[in-house]
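Contents: one structure, followed by commentary.
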Amino acid sequence: MKYGYFFLLIASLTQSACSQKALVRFSQKPPELVSADVLTEIMLVNKSPKIVLRVPITRKGVTNTQGTGNQQSGVVNPVVVRQINNGRSKARIQYVESQYDETALYNAIEKQLFKEGFSVRDRGLFNEVLDDNQSIDYSKITALTNTDLILELVRIDNLVGYTTNVCYADDEEKPINGYRTVGASVEFKLVHVKTNEIVGSYKIHYTPCLDGCRGLYRKGSPRGHFTDSPWLKPGELRQLQKLSRKPQETLDQDELELFIANATHQLVQTMR
């Protein structure tokens, strides 16, 4: 066993000797926020409109795929698993099913709408009315639900790819083979119930590594390589072993909820 640790120690020292601390950064992708002129009039007349959130029919995962009956739908994500062997980083693709608490994501949207001064209607009761009156368009739903606006959650995408061919080491820009990570996006559609008119369309992006993601830069030909593991202090062999086997992940639940709440705030600012 001790020979195994000695081998890993030599490998880690070899890697650190030919690697530099580095960062990769991405620029924030701008939001796509479009509101109709009539929405301004609606918001001026009613400072606290009654609004309901309409969500996709899903049972598991975050997807815009529509389920049928009791069928469950999920998202299968490819993740990169890296292992260090003889000082070299090898990667293999592993497919795992990611799961999010969808109810918590929807609640985050509704809580933000409430904070922004909206009168938030119960989406469960609203959906019951729609299920019982499938042939009635939105313009006739007002009398049944006492709702002014419907905010439709069109899609949450937690696998938006971001790629860069440069990193920054010692305050210098270094060329690297394409480094890929993931961000997210959320799309909404706003409907004025009384007129059955779409009065807003919004797509907001979560861009990763805005403040820089830490890693190691290793020279190569013709480009270098960037390994997306945090910088390690000397002697942290166990941490190196753990990180070398940690897959590249999507956003965790808390990060996704925070992003969704911030996105809701942005679209409300556009509505007003």
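Would you please state the base-10 log of I(q)/I(0) at q = 0.13, 0.22, 0.30 1/Å for the range 183-230, with intensities from the Debye formula using one equal scatterer on every alpha carbon? Debye intensities relative to I(0), on a log10 scale: -0.56, -0.86, -1.03. Accessible surface for R180 stands near 130 Å², nearest 10, in the context of the full protein assembly shown (1.4 Å probe).
When you have a sec, figure out the Kirkwood radius of the range 103-225 from all distinct Cα pair distances and drop it here in Å to one decimal? Working shown, then result.
Details: mean 1/r = 0.0549 Å⁻¹.
Result for the range 103-225, one decimal place: 18.2 Å.
A 1.4 Å probe, protein heavy atoms only, puts the accessible area of F114 near 150 Å².
The values are calculated or read from the model by the stated rules, or taken from the named source; none is laboratory data. Note that the structure is a prediction, hence the values are computed from the model and not measured. Please note that ligands, DNA and RNA were not included when accessible areas were found on the heavy atoms of the full protein model with its side chains. Shrake-Rupley method; radii C 1.70, N 1.55, O 1.52, S 1.80 Å.
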